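Encoded as structure tokens, the structure appears first; notes follow it.
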């Protein structure tokens, strides 16, 4: 084979690889072989070497390979392009078509990765084309537009130069036929003017952009939609709502022609129309926004979103729902639609993030996902294994722990499994925000004396929706301004727990809250309960779904006259009222009852227990376990060293799971001084709180239960493989298999308290156990006292064994405590959340 034949073969292979035959690494290697051949067989200034270098640069840009140059890390393709350009300038002169082409390729490779670096080759190319073709050539106009776009995208500091380059482009095309670069330049000018607040100039530029775009083609295009939306946005900002609505409607027609109704951009534009109009027109637009959102969910497209984008969609859809609810309430009709939409809004995190949880039967991939999630949760906690007790030392990173590679694999596997589950577990009719049969199904679950109640925040106010059984009606009741209600909630919640005890809850409140306001619960009752009483005639049971800070107050303990609300009404809690319309999860087998209590918090420790340890023994939990075991002798009881996380992971859907131990929450708090946090939570000044404090860095580690070895791990010891990290966090719970578990009892502090503004829904232990599959969860909303909690729980199980459902058993036990004169602090913290089949039987 001659040298020319060998090179021709190498070029053919490189050309094929660059054209898409093979992966990026193969293309880069093939192009590198061409460069190597040229260096070995051609003079160093041969133009063919420059051509091979350009090909190698383009191929290498696809791999993202970097290299250190001159003290900075740069992409490998940059040095290849620079070498090629130097050769071409020597061979063809600085003003040549070849150099212009290479500069264009260089900028194309830089723009997606480092747009600021792309500006230099784009400037050089513009100057070169100006000299080669003259200032009025269309190529000059297009090059000026591309440079301006890059400058505008890179920094506002370059906006003035970008504006000049846009004008250069527009001057070129002023006397020529319509050109795509002219449309882009007008659009770019409009965006710059809009960003600077010059709405008049922005309006004119958007109009010109639309004119030129339409002159180019009568076919709908994404560019035309974007420019119509820009014109609408500027009109709306300028107060011209009629013009804004017209522009939005034109954009909507283009979007629907391009992608149909089941599209995110179509839903967003309907929403914008609703904001720019009033009355029936706004109501229709908000309804159509919801229809499009539901139709998009049904396509399964959410499976392709990353976490950040999924959160954005949850927030956007919630805004559509709120706008529609506000429109309905403003015109004073559509109460049943208000119920349906509000239930859909509460369900959004599951619809987008966990649609497999809405299936009537567990998906086969869920068990493996549970195991992956459990391992990720443990590794996230272990990353703090070397965190120093000195408060000045930051938590150790993954690589420092040697867990980085495993975590990367686990995250990739989680993404793969969740993608499969999303694709194969579409949410069905529950994805449709206007699916009225959900309300009918929920109503059929009600007896004559039952009502559904949801209290939801709409715009700046709270609204209660009261729904009767099949023959009843739906009523919307205004509860007043959200700011007033929220402040009353924080004050009542702190007063219920009592002075000096509500430290963790105060971390959640957005402003300082006192704990000595004895009237606060009565004030909240006047705001929330008294307006509802006229609509609760003949009602004895309420199925309640709450929103925002209300999640952290037990409605049943609020005073109604001289007695608590739960003395007159049975209150069952649900996450969303369409839970009552959901199918049961079938084909799952339950295991034996399990009671985990009184863990050995010092498991694996050396020497005597540290009196400053964060978790001290709770004598009442051991007695609680013995009392429950006496009522349920068949139950598996795990105490001491057996009350460990590894043992808990081994369980497969115990029928009842009872956990009696310390609970904690850092909801709403940023990392801070661990000694200060320890002082407030535990009343001492231990310097051993560093790792405990570090848990606040991860949202799903901020709430948890202390199990065997918790103190040992927090004090930088090793609890052993059974103890793992000694803490069962929200992240750990997501990895448990509870698909057939009928009841989980969290007999610990703050197990129902958590993040209330998280896009993924309420982040608390209570919410996590429900998402893991439990049909009913009993949780606490403040720091519960040890002895009274023991007595309450033993009464609760006695009532369960007499045939009461979980919610009714808890309620009856609480009524008994109230009748005995015990303070609310001792019994009022616990609430029972149910699903369609985990409810409370009748009184």
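The values are calculated or read from the model by the stated rules, or taken from the named source; none is laboratory data. Bear in mind that the values here come from a model prediction, so they are computed numbers and not experimental data. Don't worry about glycine lacking a Cβ; one is built from the backbone with ideal geometry, like all the others, and counts go over all protein chains shown.
Kindly provide the set of residues from the stretch 630-655 that are surrounded by fewer than 19 Cβ atoms within 10 Å (Cβ to Cβ) and without any contact (Cβ under 8 Å) to a residue 60 or more places away in the chain, ordered by number.
630, 633, 634, 636, 650 - these are the residues of the stretch 630-655 that are surrounded by fewer than 19 Cβ atoms within 10 Å (Cβ to Cβ) and without any contact (Cβ under 8 Å) to a residue 60 or more places away in the chain.
Consider only pairs whose beta carbons are under 6 Å apart and that are at least six residues apart or on different chains; among these, list those whose first residue lies in the stretch 785-802 and is part of a helix (DSSP H, G or I) and whose second residue is modelled with pLDDT under 95 and surrounded by fewer than 17 Cβ atoms within 10 Å (Cβ to Cβ).
Matching pairs, first to second residue: 797/631; 801/631.
Residue 244 - would you say it is in contact with a helix residue (DSSP H, G or I) (Cβ under 7 Å, 6 or more places away or on another chain) and in a loop (DSSP other than H, G, I, E, B)? Before the answer, list the steps.
On the way: in contact with a helix residue (DSSP H, G or I) (Cβ under 7 Å, 6 or more places away or on another chain): yes; in a loop (DSSP other than H, G, I, E, B): no.
So residue 244 fails the test.
Within the group 350, 278, which residue is surrounded by fewer than 23 Cβ atoms within 10 Å (Cβ to Cβ), outside the structural domain of residue 457 (by TED's automatic domain parsing) and touching a helix residue (DSSP H, G or I) at 6+ places or on another chain (Cβ under 6 Å)?
Values: 278 fails: touching a helix residue (DSSP H, G or I) at 6+ places or on another chain (Cβ under 6 Å).
After ruling out the rest, the residue left standing is 350.
So which pairs qualify, if the first residue must be in the stretch 406-433 and under 19 Å from residue 374 (Cα atoms) and not assigned by TED's automatic domain parsing to the domain that holds residue 296, the second must be surrounded by fewer than 16 Cβ atoms within 10 Å (Cβ to Cβ) and at pLDDT 85 or above, the Cβ gap must be under 8 Å, and the two must be at least 6 apart or on different chains?
Close Cβ pairs satisfying both conditions: 417/368; 419/304.
Examine the stretch 744-763 for a residue that is within 30 Å of residue 363 (Cβ to Cβ), in contact (Cβ under 8 Å) with a residue 40 or more places away in the chain, in a helix (DSSP H, G or I) and under 20 Å from the mean Cα position of the chain (by Cα), and state whether such a residue exists.
no
Check the stretch 86-95 and report whether any residue there is in contact with a strand residue (DSSP E or B) (Cβ under 7 Å, 6 or more places away or on another chain) and modelled with pLDDT of 90 or more.
Checking the stretch 86-95: not a single residue is in contact with a strand residue (DSSP E or B) (Cβ under 7 Å, 6 or more places away or on another chain) and modelled with pLDDT of 90 or more.
Filter the stretch 721-736 down to the residues that are in contact with a strand residue (DSSP E or B) (Cβ under 7 Å, 6 or more places away or on another chain) and modelled with pLDDT under 85 and list them by number.
Selection gives nothing.
State all residues of the stretch 131-144 that are buried (at least 17 other Cβ atoms within 10 Å of the Cβ) and closer than 26 Å to residue 55 by Cα; if no residue qualifies, say none.
139, 140, 142, 143, 144
Under 26 Å from residue 142 (Cβ atoms) and either out of contact with any helix residue (DSSP H, G or I) (no Cβ under 8 Å at 6 or more places or on another chain) or free of Cβ contacts under 8 Å to residues at least 12 places away in the same chain (or both): which single residue out of 40, 97, 82, 78 fits that description?
Numbers: 40 fails: under 26 Å from residue 142 (Cβ atoms); 97 fails: either out of contact with any helix residue (DSSP H, G or I) (no Cβ under 8 Å at 6 or more places or on another chain) or free of Cβ contacts under 8 Å to residues at least 12 places away in the same chain (or both); 78 fails: either out of contact with any helix residue (DSSP H, G or I) (no Cβ under 8 Å at 6 or more places or on another chain) or free of Cβ contacts under 8 Å to residues at least 12 places away in the same chain (or both).
Being under 26 Å from residue 142 (Cβ atoms) and either out of contact with any helix residue (DSSP H, G or I) (no Cβ under 8 Å at 6 or more places or on another chain) or free of Cβ contacts under 8 Å to residues at least 12 places away in the same chain (or both) holds for just one of 40, 97, 82, 78, which is 82.
Which residue, of 479, 453, is modelled with pLDDT of 85 or more, over 16 Å from residue 332 (Cα atoms) and assigned to a strand (DSSP E or B)?
453
I'm told residue 718 meets every condition in (1) modelled with pLDDT of 75 or more; (2) within 22 Å of residue 619 (Cβ to Cβ) except one. Can you identify the failing condition by its number?
Only one criterion in (1) modelled with pLDDT of 75 or more; (2) within 22 Å of residue 619 (Cβ to Cβ) is unmet by residue 718, namely (2).
Select from the stretch 379-412 the residues that are modelled with pLDDT under 80 and assigned to a helix (DSSP H, G or I) and list them in ascending order. Even if it seems obvious, please write down each step before you answer.
Initially, the stretch 379-412 is screened for residues modelled with pLDDT under 80, giving 379-405.
Result: 379, 380, 381, 382, 398, 399, 400, 401, 404, 405.
Within the stretch 413-447, take every residue that is modelled with pLDDT under 80 and in a loop (DSSP other than H, G, I, E, B) and give me the one that is surrounded by the fewest Cβ atoms within 10 Å (Cβ to Cβ).
Only one residue fits best here, namely 436.
Among the residues of the stretch 250-272, is there at least one that is part of a helix (DSSP H, G or I), assigned by TED's automatic domain parsing to the domain that holds residue 292, in contact (Cβ under 8 Å) with a residue 12 or more places away in the chain and within 21 Å of residue 200 (Cα to Cα)?
yes
So which of 489, 513, 508 ends up being closer than 22 Å to residue 750 by Cα, at pLDDT 85 or above and not assigned by TED's automatic domain parsing to the domain that holds residue 336?
Working: 513 fails: at pLDDT 85 or above; 508 fails: at pLDDT 85 or above.
Every option except 489 fails the conditions.
Can you tell me which of 287, 227, 256 is within 27 Å of residue 329 (Cα to Cα) and modelled with pLDDT of 95 or more? First the steps, then the outcome.
Working: 227 fails: within 27 Å of residue 329 (Cα to Cα); 256 fails: within 27 Å of residue 329 (Cα to Cα).
Within the list 287, 227, 256, the selection yields 287.
So which of 128, 110, 157, 116 is surrounded by 22 or more Cβ atoms within 10 Å (Cβ to Cβ) and either over 44 Å from the mean Cα position of the chain (by Cα) or more than 17 Å from residue 184 (Cα to Cα) (or both)?
Numbers: 128 fails: surrounded by 22 or more Cβ atoms within 10 Å (Cβ to Cβ); 157 fails: surrounded by 22 or more Cβ atoms within 10 Å (Cβ to Cβ); 116 fails: surrounded by 22 or more Cβ atoms within 10 Å (Cβ to Cβ).
110 is the lone residue from the list that is surrounded by 22 or more Cβ atoms within 10 Å (Cβ to Cβ) and either over 44 Å from the mean Cα position of the chain (by Cα) or more than 17 Å from residue 184 (Cα to Cα) (or both).
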